[in-house]
Structure formats: structure tokens, C-alpha cells
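Have a look at the structure below, then the notes.
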Amino acid sequence: MASDRRDQAVHAAVAQGLLSEEQPVVALLDAGGIRASATALREAFAAVTDAPVLHAFAVKAAPLVPVLALLRAEGLGAEAASPGELALARAAGVPAAHTVLDSPAKTLGELREALALGVALNADNLQELARLDTLVPRQANDPGSPVPPIGLRINPQLGAGSIGALSTATATSKFGVGLRDEGARDRIAEAVLDRPWLTRLHTHTGSQGIPLPLMAQGVRAVWELAEEINAAAGRRRIDTLDIGGGLPVNFASDEHTPSFAAYARLLKEEAPGLFDGGYGLVTEFGRALLAKHGTILSRVEYAKTTGGRPIAVTHAGVQVATRTVYDPESWPLRIRAYDAEGRPKPGPAVEQDIAGPACFAGDLLAEARPLPLLEPGDVIAALDTGAYYFSSPYGYNSLPRPAVHGFTTASASAASAADGDGDGPVRFTTVRRAQRPDEIVAESGGAYAGALLR
Ligand SMILES: *Cc1c(COP(=O)(O)O)cnc(C)c1O
């Protein structure tokens, strides 16, 4: 069970001194869990199609080179949305042929780099296609540098999910070419028919909070558009559909629902021709691959009561859980309480606030949360934080980026053979070390201390 592995890892992290006075907040990543999710994704699509599928992990969900390298070893590629993310994918050894570039605001330089590297790219809009018109034909004449696959992002304009900021398929979303706008279908078809190198359509209907049927309708709309364009061309001009990511994550329990398998089956019902082998497929899942495999741990520094409310003051706040702190309704996190040895803390549940270290009153991971009453030295864990949390830290108050430790546990049988109480040996490996004060100074203009005095 993933939750048993997590409890073992928390105890081992405390016992091995990873969480300490000096490092009062750290993050753990369950390497076995990540592998299992990658396998589940591959198998889900293999069960519904024989078509070639590239599963490109959305780098922004966990921009950590060792994570990208682990996923690469599991057969996944990378979806990058900025020059930095592309550099991370390359540092992890993800081959260009398994990389997709989706930056919404690609500069000419970025387009040139992607073309030169042979990285597939999805243009966001027709102006970007016009820019590519100045670059692609020249490269097409150079046999030494084949033009990579190029697609166009489509916004099916289906409406929003439950989180406005993450709904990318509304009528006025900033992404892609709106499919339902006046004359859009014709403009898109013309754009494709005019450009022999434009062979893909791309859509990503949003992240978290989008109901599965809405996601599937978005994919269906883009598949129908591809069919229409191919019929007009009299041949398969669009040969690959990139269906994006966005599978929501269950933050309320340890269950992995909805599953990749359920989504793949729903897509097959909604858009059967997508899977008949005629189209290559690209997926871009992020959150659903990583979220459940990450845990943020913090020591409880102080525990006080103000206005009758117990408050545990911890080191995990807005710098590691930015969305939860600013928008707790949309992004509630489960919190688990452990004692100072990292064992699950017993005791009656008492409503208490879990506060972070930042200097503003709203820096709370949880409010009025029933938990065993926390004391200084105890440990709290923020669960399901493997995607978009500690991996995307926020620089407020110059709080350092915490260390990230990957862990593996021996299998249950090996564990009970190795030691009597069923706690298998947990092995940690550094994924990212904690940021040091001198690095914060360097990032904050330390080399230019006198710059404003002159
Ligand atoms: C963010 C993003 C993804 C990944 O979304 P998840 O919800 O993490 O699966 C995929 N594709 C694009 C274009 C994105 O912007």
C-alpha cells in the first residue's frame, strides 16, 4: 500500500536525520509509485490502441531532472513549455524525438532552437504559423536537418471546469485557436492545407477540476476537425493528434481515481476513430503521474492557542504549497500528523490550524483541521504534493527551496525478512538539495550590492 510506504518513509526520514533542526522542511518522492503510475499510463493506452503513442510528461508538473530521467527510463517523453523546461528535459537525456514544445509565447529564437534540435512543437496561433513560414521552408531544403513534426493548438471552447484559472477550453481562454469562433474551422483547414509541414492538431482542455466527459468532448472535437481536414485534402494530412493532459487527481483519499484506464476507455467511446491506428497519438499528463507520490514534511516549531484556536506553526507554507495557501477552497490538501519520531500520532482529533513560516496571516496549509493535537517537535505531512507543489517553489520571504529526497522501499516480503516489525529498509537518494542562504543572496543581486549607489 502506498500509504504504508509513506508512513515507513516518514519514519525513516526522521530516523536518518533528513528532517532536522537545520532542515525543518523536506519533500519526499516515492520512486516506486512514480514507476507504477508510468506503467499504468502506458498500459491504459496499449489496452485501447495499437497506434504509436508518445506519452510526454508535462515538465511543469515536476520540473526536476531526476524525475524526468526516471520517467524517460519508463519510456515516457517530455512536454516543455519554456526554454527552461526544454533545458531540463535535455539535461535528463530525453531524446528530441520524445520531446514536445508547447510554450504559449514562443519567441523566434525558441522556434529556431526547437527546429534545430528536432523537437516537435505545437504552434499556439496563426501568427506563430506565419513565423514558422519564415523558418521551416529553409530548413526543409537541408537534408541534414529534417523538420520535426509541427502541430496547431485548438481550443474547442467547451466551457470551464470547477477551477477558473485552470480551465483552458473556455470561449475566451488564452490558449490556441478558438474552434467555435466565426469562420475558425475554415481558417484552420486553410492553414493546414497551405502548409505541408503542419501535420498535427493539439488540444489540452485544462487541468484539475475539468470533468472527464468534458475532456473527452474536447478530444473528440479535435479528432472530428482532423477528419474534416483530411477529407477535404483527400488524404491524411493530419497524421497525429496530441490530446494533452489534465487527468484530475483525487486529493481526498489515497485512491488513484479517475484512472488512466478509465479515461482511455472513455476516449475510445467518445472518439473511436482516434484509436483505429490511423493516427499517431501524443499525451501530456503531468499531475496524474506525480501528485500522489510526493509528500512534504515539516517539523512543528511551535504550537500555540490564539482566540481559542490551536495553531501549529510549521515550516511548510506558501513557499511549497502556493496554490493551497492562496486558494484553499480549490486546492485543499490532506494533512497527516506524526510524532517527533515520525510515527503516526495518536490522540483525539482537535480542530487546529496548520500555519506556514511566511509573514502574512493567510499562510495556512489547513484551517480548523481535526488532527491529534500537535506539539513542538512533531511532524506534519502534506499529502499528494508530488506535482505543482514543492517542485515549483515560490520565493516569498526568501524562504529556501527545500531538499527533495527520492525513496524506495524493499518489497513487503523482503522487509519482513529483513527486520521483525515489518518496516522495510527505506533508501533515500537526493533529487535536489536544499537551497543555501548564499544561493539566495546570489539570486537576489548579491553580486551587484552597490548597483544603486552609483
Ligand atoms: C499543464 C499542461 C499539461 C499537463 O496538465 P496536467 O493537468 O498536469 O496533466 C499538458 N499540456 C499542456 C499544454 C499544459 O499546459
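The values are calculated or read from the model by the stated rules, or taken from the named source; none is laboratory data. These numbers were taken from a predicted model, which means no experiment stands behind them. Methodologically, a virtual Cβ is constructed for each residue, glycine included, from the backbone with ideal geometry; neighbour enumeration extends over all protein chains shown.
Criterion applied to L198, L152, L135 was being modelled with pLDDT of 95 or more, surrounded by 21 or more Cβ atoms within 10 Å (Cβ to Cβ) and away from the ligand (no atom under 16 Å from the Cβ), and the one residue passing it is L198. Considered as a group, the residues in region 224-245 that are within 16 Å of the ligand (Cβ to nearest atom) and in contact with a Lys or Arg (Cβ under 8 Å, 6 or more places away or on another chain) include one that is nearest to S37 (Cα to Cα), and that residue is G245.
Within region 267-288, can one find any residue that is within 30 Å of C359 (Cα to Cα), within 15 Å of the ligand (Cβ to nearest atom), at pLDDT 95 or above and not in a strand (DSSP E or B)? Yes, the conditions are met somewhere in region 267-288.
If we keep just the residues of region 388-440 that are of a type in the set (D, E) and modelled with pLDDT of 95 or more, which is farthest from A62 (Cα to Cα)?
Restricting to residues being of a type in the set (D, E) and modelled with pLDDT of 95 or more, the top hit is D438.
Put simply, of Y302, Y263, Y279 the only residue that is within 20 Å of N122 (Cβ to Cβ) and among the aromatic types (F, W, Y) is Y279. So which residues in region 216-249 are among the aliphatic types (A, V, I, L, M) and within 17 Å of the chain's Cα centre (by Cα), if there are any at all? Correct list: I243, L247, V249. Does E74 satisfy being acidic (D, E), surrounded by fewer than 24 Cβ atoms within 10 Å (Cβ to Cβ) and touching a residue at least 24 places away in the same chain (Cβ under 8 Å)? Yes.
Only one entry of A105, A116 meets the criterion of being over 18 Å from A78 (Cα atoms), out of contact with any helix residue (DSSP H, G or I) (no Cβ under 6 Å at 6 or more places or on another chain) and either surrounded by 13 or more Cβ atoms within 10 Å (Cβ to Cβ) or hydrophobic (A, V, I, L, M, F, W, C) (or both), and that entry is A105. In region 70-109, the residue that is farthest from the ligand (Cβ to nearest atom) out of those that are assigned to a loop (DSSP other than H, G, I, E, B) and either charged (D, E, K, R) or in contact with a His (Cβ under 6 Å, 6 or more places away or on another chain) (or both) is E74.
When region 201-223 is limited to residues that are more than 10 Å from the ligand (Cβ to nearest atom) and not in a helix (DSSP H, G or I), the one that is surrounded by the most Cβ atoms within 10 Å (Cβ to Cβ) turns out to be L201. Residues of region 123-182 that are in a loop (DSSP other than H, G, I, E, B), hydroxyl-bearing (S, T, Y) and touching a residue at least 24 places away in the same chain (Cβ under 8 Å): S145, S162, T168.
Output the residues belonging to region 82-95 that are under 17 Å from G109 (Cβ atoms) and crowded, with 19+ Cβ neighbours inside 10 Å. Give the derivation first.
The initial filter retains those residues of region 82-95 that are under 17 Å from G109 (Cβ atoms), namely 82-87, 90.
The answer is E85, L86.
Of the strands (runs of 3 or more DSSP E) lying entirely inside region 298-391, those containing at least 3 residues that are under 25 Å from the mean Cα position of the chain (by Cα) span 364-372, 379-382.
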